[in-house]
1. Scan region 194-208 residue by residue and report those that are outside any helix (DSSP H, G or I) and modelled with pLDDT of 75 or more.
2. Here are the criteria: (1) open to solvent by 50 Å² or more (accessible area, probe 1.4 Å); (2) at pLDDT below 95. Tell me which single one residue 172 does not satisfy.
3. Please work out if residue 189 is over 15 Å from residue 85 (Cβ atoms), open to solvent by 80 Å² or more (accessible area, probe 1.4 Å) and of a type outside the set (Val, Ile, Thr).
4. Mind counting the residues in region 89-142 that are on the phi > 0 side of the Ramachandran plot and in contact with a helix residue (DSSP H, G or I) (Cβ under 8 Å, 6 or more places away or on another chain)?
5. Please determine whether any residue of region 152-165 is within 16 Å of the chain's Cα centre (by Cα) and either within 14 Å of residue 17 (Cα to Cα) or open to solvent by 10 Å² or more (accessible area, probe 1.4 Å) (or both).
6. Being open to solvent by 40 Å² or more (accessible area, probe 1.4 Å), out of contact with any Lys or Arg (no Cβ under 9 Å at 6 or more places or on another chain) and in a loop (DSSP other than H, G, I, E, B) is the requirement here; does residue 41 meet it?
7. So how many residues does region 107-138 have that are charged (D, E, K, R), in contact (Cβ under 8 Å) with a residue 24 or more places away in the chain and open to solvent by 30 Å² or more (accessible area, probe 1.4 Å)?
8. Identify all residues within region 72-86 that are closer than 13 Å to residue 139 by Cβ and open to solvent by 60 Å² or more (accessible area, probe 1.4 Å); write none if there are none.
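The values are calculated or read from the model by the stated rules, or taken from the named source; none is laboratory data. What you see is a predicted model; the values in this text were computed from it and never measured. Quick reminder, even Gly has a Cβ in these numbers, built from the backbone with ideal geometry, and neighbours come from all protein chains shown. Calculation scope for accessible area: heavy atoms of the full protein, side chains included, ligands and nucleic acids excluded. Shrake-Rupley method; radii C 1.70, N 1.55, O 1.52, S 1.80 Å.
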Amino acid sequence: MSVVWQRFKERTGLALRADRLPHTVWGSNLRAFLPRSRWQDLSRRTAERADQECEVCGRGQEGGSGLECNEMWEFLEAEGVHVQRLVGVIAMCEWCHLTQHSGRADMIGRYDDVVAVLMGVNRWTELRAVRDITASTTEFKERSQFDWDLDLRVLAGWFDLPDEPSLLIPADRRGLLGNAHANVRAEIRPVFNGEVPVGVWEWDERLPMRPKDAR
């Protein structure tokens, strides 16, 4: 794993960080409104581009479980405007993917697994890993106070959204795209007219993961 860890670090200049999405955006994501076949195709192509290896730790498919397609989000706040921007998608093994949903991991009794992954991938001490999870909890509480506009412009050219040509969906309309957490079906469905933009996989310069620090 150490060689792969070095490759990821060199490629991005970043460490793997614990993350948890704000409560106000739970269930509102690509998987909620893309047709099942389109989501499966995106996931398959993401894994293929990653040579069937986790793009963080290098773990390959084990036991036929395959890789998971993780949406990478950036949260932008300026002058009272709050935007959740899709940066791209990344192939992750179950373990690294768990760190990106550390709140859920905690709820299902897998907190220790998140700590172990952060320690192994980043070569952190246990204390450093726990501090990172604590920071993600604080950030979660702060961001959950707001409703977020949804920016999907990285996918421009792949599909159109009726009445939302810019692919920048206001917070009060994003519910129309469906919600997997609330089991709400989409009222606005994408109209596909192209190929998935290559930029969705070229996320190196747009990673939302926080820079390494010495906290």
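1. First pass over region 194-208, keeping only residues outside any helix (DSSP H, G or I): 194-197, 201-203, 207-208.
Listed by number, the residues that qualify are 194, 195, 196, 197, 201, 202, 203.
2. (2)
3. yes
4. 1
5. Within region 152-165, one or more residues are within 16 Å of the chain's Cα centre (by Cα) and either within 14 Å of residue 17 (Cα to Cα) or open to solvent by 10 Å² or more (accessible area, probe 1.4 Å) (or both).
6. No; evaluated as a whole, the condition is false for this residue.
7. Residues in region 107-138 being charged (D, E, K, R), in contact (Cβ under 8 Å) with a residue 24 or more places away in the chain and open to solvent by 30 Å² or more (accessible area, probe 1.4 Å): 2 in total.
8. Matches in region 72-86: 77 only.
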